[in-house]
Amino acid sequence: MKTIKLLLIGIIGLIIIGCSSDDDGSSSNSIPSGEIVSIELRNKTLTGFNESSNEGLSPKDLISGQKWWVVKGSDIFFEGSCPGETEDFLEDAKSQIKEAIGNHTALTPDGSILIKLKGEGEPFLNGSWEWTDDSKEAILISSGSVSGELDITYLNDENLVYGNVQSEAGCSLLQFVQFNEPYEEK
């Protein structure tokens, strides 16, 4: 259980996310999923660029073509037999991340994760990302000594959802982040 809590805290620190929000406003104990574009379109759809490298791109090209995603919502929940103070832990975690709905996130082709608070001001570096393998079904997000693998469950021109399930001793923690309203910097 301690391992799950530590990984959750790390993932929350890596990605600035918000409280529970589904399309219909209801909460269900599952990670939203939908259309995922073909493998050859995944990098372009996620970052705004065809290649997962910035090789040959000027700084102006990186700024002008970068895709930004707006945080729509998130959820974190336990399932199964979870010892300890899971309700208090979840309440604390959700209260810490509640204000992040509306933040803007960019996964850049050079592997950086940038954040703009509520879309305002200069972006700041919040970690790094990379595809876990050539199937481009998951990404590895890292910040400092903390990292976590997140499955992509929805990726198209309008939606991005990534999340994961962690299990230990009959207790499972599910978490996801949902983005929409993508736009490219001009």
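Below is a table of values for the structure above.
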{"read-out": "Placed amide H near G48: partners under 5 Å, 5+ positions off or other chain", "value": "K67"}
{"read-out": "Spin-label model distance (nm) - E130 vs E149, 7 Å beyond Cα toward Cβ", "value": "1.4"}
{"read-out": "Estimated FRET transfer efficiency (I39, E168; beta-carbon r; R0 35 Å; 0.05)", "value": "0.65"}
{"read-out": "Segment S64-L117, extension gain: residue separation times 0.36 nm, minus the distance between their alpha carbons", "value": "17.2 nm"}
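FYI, it's all coordinate maths here, none of it is from the lab. Fair warning: this is a prediction, and the values are worked out from it, not measured in the lab. When we count neighbours, we look across all protein chains shown, and the Cβ atoms used for this are built from the backbone with ideal geometry, even at glycine.
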